[in-house]
Amino acid sequence: MAIPRSFRLLEELEKGEKGGSQACSYGLADGEDVTMTNWNGTILGAPNSVHANRIYSVEIVCDNTYPDKPPKVRFTSKINLDCVDQTTGDIIIEKFNTMNNWKRSTTIEDVLLDLRKEMITPVNKALPQPKEGSTF
């Protein structure tokens, strides 16, 4: 039997608050959001790439189809990756394997860590980046 959406999101929130990973963090955008829909996340730029020593911010929306369908993820920090729409900051699902081949077991943390891995792929590793601190 599948874990209900609210239980799943409570588990993710607890893990995010404990700081499961040094490479990313995430939590509710509004602590009063009982629907647990709107989240904020940060990703530390991957070392040995043009992203090293940068912090990227994302907005995550887990609507009522989550975790059966992927969340909507949008960078608020400007970043040049082939899976990010350069006008809106939205993740282009077809170009981001984690969301294109979504599994119910995939978590918000998985999405953030896989975006970090995208930064060091050969196609993205050396792409020129917008000025640090610029936003969509």
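Going by the conditions given, is Thr121 under 19 Å from Arg5 (Cα atoms) and among the hydroxyl-bearing types (Ser, Thr, Tyr)?
No: the conditions fail for Thr121.
Name the residue that is nearest to Thr88 (Cα to Cα), counting only residues in region 33-44 that are within 18 Å of the chain's Cα centre (by Cα) and hydroxyl-bearing (Ser, Thr, Tyr).
Thr42
Looking only at region 45-55, which residues are within 18 Å of Gly89 (Cβ to Cβ), in contact (Cβ under 8 Å) with a residue 24 or more places away in the chain and not small (Gly, Ala, Ser)?
Val50, His51, Arg54
I'd like the full set of residues that are without any contact (Cβ under 8 Å) to a residue 12 or more places away in the chain and of a type in the set (A, V, I, L, M, F, W, C), limited to region 28-44.
The one that is without any contact (Cβ under 8 Å) to a residue 12 or more places away in the chain and of a type in the set (A, V, I, L, M, F, W, C): Val34.
Would you pick out the residues in region 42-63 that are among the polar types (S, T, N, Q) and either closer than 18 Å to Ser21 by Cα or modelled with pLDDT of 95 or more (or both)?
Selection gives Thr42, Asn53, Ser57.
Could you check region 87-109 and list, in sequence order, the residues that are exposed (fewer than 14 other Cβ atoms within 10 Å of the Cβ) and either closer than 19 Å to Ser25 by Cα or of a type outside the set (Val, Ile, Thr) (or both)?
Answer for region 87-109, where residues must be exposed (fewer than 14 other Cβ atoms within 10 Å of the Cβ) and either closer than 19 Å to Ser25 by Cα or of a type outside the set (Val, Ile, Thr) (or both): Glu94, Asn97, Asn100, Asn101, Lys103, Arg104, Ser105.
The values are calculated or read from the model by the stated rules, or taken from the named source; none is laboratory data. This one's a predicted model, so the numbers in the text were calculated from it and none came from an experiment. Neighbour counts run over all protein chains shown; Cβ positions are idealised from the backbone, glycine included.
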